[in-house]
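Read-outs throughout are calculated quantities, based only on the coordinates presented, and are distinct from any laboratory measurement. The model shown is predicted, which means the values in this text are computed figures rather than measured ones. So basically every Cβ, Gly included, is an ideal-geometry build from the backbone, and we count neighbours across all protein chains shown.
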Number of protein chains: 2
Amino acid sequence: MLLRNRPTGRPTADNFEIVSRPMPAVAEDGVLRRTIYLSLDPYMRGRMSDRPSYAAPVALGQPMCGHTVSQVIESRNARFKPGDFVAGYDGWQQYGHSNGVELRVLDPSAAPLSTAIGVLGMPGLTAYVGLLDIGQPKAGETVVVSAASGAVGSVVGQVARIKGCRAVGVAGSPAKCAYVVNELGFDACVNYKDGDFQAALGAACPQGIDVYFENVGGAVFRAVLRLLNANARIPLCGMIADYNAIDATSSPNLRPLLVKRAMIKGFIVLDHEDRAPAFLRDCSAWLRDGQLKYREDIVDGLDAAPAALLKLFDGENFGKLIVRVSADPTRS
Amino acid sequence: MLLRNRPTGRPTADNFEIVSRPMPAVAEDGVLRRTIYLSLDPYMRGRMSDRPSYAAPVALGQPMCGHTVSQVIESRNARFKPGDFVAGYDGWQQYGHSNGVELRVLDPSAAPLSTAIGVLGMPGLTAYVGLLDIGQPKAGETVVVSAASGAVGSVVGQVARIKGCRAVGVAGSPAKCAYVVNELGFDACVNYKDGDFQAALGAACPQGIDVYFENVGGAVFRAVLRLLNANARIPLCGMIADYNAIDATSSPNLRPLLVKRAMIKGFIVLDHEDRAPAFLRDCSAWLRDGQLKYREDIVDGLDAAPAALLKLFDGENFGKLIVRVSADPTRS
């Protein structure tokens, strides 16, 4: 699936074009794999634009980017043999081919394959680095995370709980809030669409807010600023409320940062690959012993990807949004 | 001078009331001093309000607060003798009396007395801590500071130069800009009232901005955000553009923080008294050897204080704003 043109505001199906190309011949050291899962993530909106950002945009006429889980079907590379499962970055394609340097072999008996693009993948690492390295939560503190039922937010809150913090989620429906509290074990979850969100958030954070994992921007950020404790930390990893805005929206007045000696720090998970070993060790263990749970929102077929991507911006996904490009042979 | 009522928006003379009270009898361990200099600073606007902040407001009917330089006229405290000069916090009063625990004795031969409320006082420490501890400038980086001719900004830029950085000021008149470059030695200074401020700031920062010492808020912050380099740091010590706003204004969209992995951190100089010895050592030395210069804007008489305070918010002061409450015997 190629990026045909750049969206103004919300992406549409018209921004994409499906083409069929001949299967590449496997080069020396090459590895050819079939895509099983494609991850859909908010950052993709940025790659569709050509405004300056931390990564180059997807070129027009090129396949749209994305994290993938694949199975090797042909290999001339000693690191891979047919049948291996790999995590990679093959984008919105049914097949990928490269020398494999960017691929990581997955053990399907250790964790479900799809976790490699979710709780044990980039979203999980984003949560881990942002919460622990930038947010530096201490036991007893209150951690608030927006998009709490999503791929990143769900890990943030659960890790906050594991670290002894009060975890308060913000989500966009009663069903999501119930899931966040009942299934993920957050202490509370507030629906930002409710009438008096500010009061509800205040009630959910009787000791104020020490860490706010900023995932969405907009009105949630405004309400949080009013509840910050002294020396609060705000890891800023996304502002999805704003990604489709044609003109940049304003942010709330930042005076609370001054009064509360608070810190906001933007971060990009790509800068923190050095933390991947610790992340994989910790989160794999928490996953195995049931302390870390996750939910997936799976759509079938690459054709469905453009419409599915919009669900992220409308808050309509419920759990990690994944396209099943082809059948997962490890899952019945 | 008492705080009579709380301002809505801009303070006026009507918010204050001059009263005469009998001279206090000097208590055991007490020290009575005559105010020579009273510092006027932007934070005073916050103390006139009763909205929540990092420090309690001045109570109605009580003397307005402020840093002072005074001369001891009577002492029953072994630490002080008549004639001593002291830095303290006696507020808008002609005389102060206390047990002296908060006073620091000044050596008038080491530096002019008035520097104790300026370049060697709270404004200087604010600049020192914010720039060095939070901004962490590295040689070769570009440091931008707003209110560059003021008490804090002038120190920020000069210390940035001493540390090998490119120092770029922002100020509000051609005369201030000329002073900042020609007298203080900044590499450039841009007038924020000029038509194309954004372009002028960009031209003054050809390598982008690594540290922005945020002193004012408003439009300058917006222009700076567009020029941030990766991993930029923004110590936030004041938002004077907003202090008199009745409704909080909004801030620019914070997406650049994310893209540039930038950090904003609010700080209050009161939290950093532990840095005072290093600050006094360094800045006293730089002052003596001529690397650190300063300018004072002195008004005479406590009666003039209310109107003078407004100069800060209108950008009409040129240099550290000081009220000379009584004659300085060390200065002819």
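Brief remarks on what is shown
- Sequence of B:69, B:168, B:105 once ranked by neighbouring C-beta atoms within 10 Å, starting from the fewest: B:105, B:168, B:69
- Test item: Cα-centred dipole of the range A:122-271, Lys/Arg +1 and Asp/Glu -1 on Cβ, debye: 380 debye
- The distance separating the Cα centre of the range B:278-319 from that of the range A:272-332 comes to 58 Å.
- Within chain A, percent of DSSP bridges classed antiparallel, to nearest 5: 50 percent
- Low-density loop positions, GluC sites (Glu not before Pro), the range B:1-101 - DSSP coil, at most 12 other Cβ in 10 Å: B:28
- Between residue B:76 and residue B:89, the contour length at 0.36 nm per residue exceeds the alpha carbon distance by 2.8 nm.
- For chymotrypsin sites (Phe, Trp or Tyr not before Pro), the sites in the range B:19-100 that DSSP calls loop and that have at most 16 other Cβ atoms within 10 Å are B:54, B:89.
- Inter-copy separations for residue B:21, label at 7 Å along Cα-Cβ, nm, ascending: 8.2
- Across identical copies of the chain, residue A:219 has label-point separations of 3.1 nm, listed in ascending order, with the point defined 7 angstrom from Cα along Cα→Cβ.
- If R0 is 45 Å, the Cβ-Cβ spacing of residue B:14 and residue A:230 corresponds to a FRET efficiency of close to 0.85.
- Separation of the residue B:104 and residue A:54 label points, Cα + 7 Å toward Cβ, nm: 4.0 nm
- The range A:122-271: Lys pairs at Cα distance under 26 angstrom, eight or more positions apart or on different chains: 7
- Peptides B:111-122, A:145-156, ordered by how many other C-beta atoms sit within 10 Å of their residues on average, highest first, read A:145-156, B:111-122.
- Sequence-ordered 3J(HN,Hα) estimates for the range B:173-187 from the Karplus curve with 6.51, -1.76 and 1.60 and θ = phi - 60° stand at 7, x, 5, 5, 4, 4, 4, 4, 7, 7, 9, 8, x, 4, 6 Hz, glycine and proline given as x.
- Residue B:291-residue A:285 FRET efficiency (beta carbon distance; Förster radius 41 Å; 0.05 resolution): 0.15
- Amide H to amide H, with H built 1.01 Å from N, residue A:231 comes under 5 Å of A:261, A:262, counting only residues 5 or more places away or on other chains.
- Karplus-based coupling profile of the range A:256-263, in residue order and whole Hz: x, 4, 5, 4, 9, 6, 8, 10, with θ = phi - 60° in 6.51 cos²θ - 1.76 cosθ + 1.60 and x standing for Gly or Pro.
- Inter-part distance where the range A:1-53 and the range A:64-106 are each reduced to a Cα centre, Å: 15 Å
- Taking every residue in A:265-272 and counting other chain Cβ atoms within 10 Å of its Cβ, the average works out to 5.
- Scalar couplings 3J(HN,Hα) for the range B:198-203, obtained by applying the Karplus form with A = 6.51, B = -1.76, C = 1.60 to θ = phi - 60°, are 4, 5, 5, 5, x, 5 Hz; x denotes Gly and Pro.
- Antiparallel DSSP beta bridges within the protein assembly as shown, as percent of all bridges there, nearest 5: 55 percent
- By the beta carbon rule, with partners counted only under 4.7 Å, chain A holds these lone Cys residues: A:65, A:165, A:205, A:237, A:283.
- Label point 7 Å beyond Cα along the C-beta direction, distances from residue A:59 to other copies (nm, shortest first): 7.3
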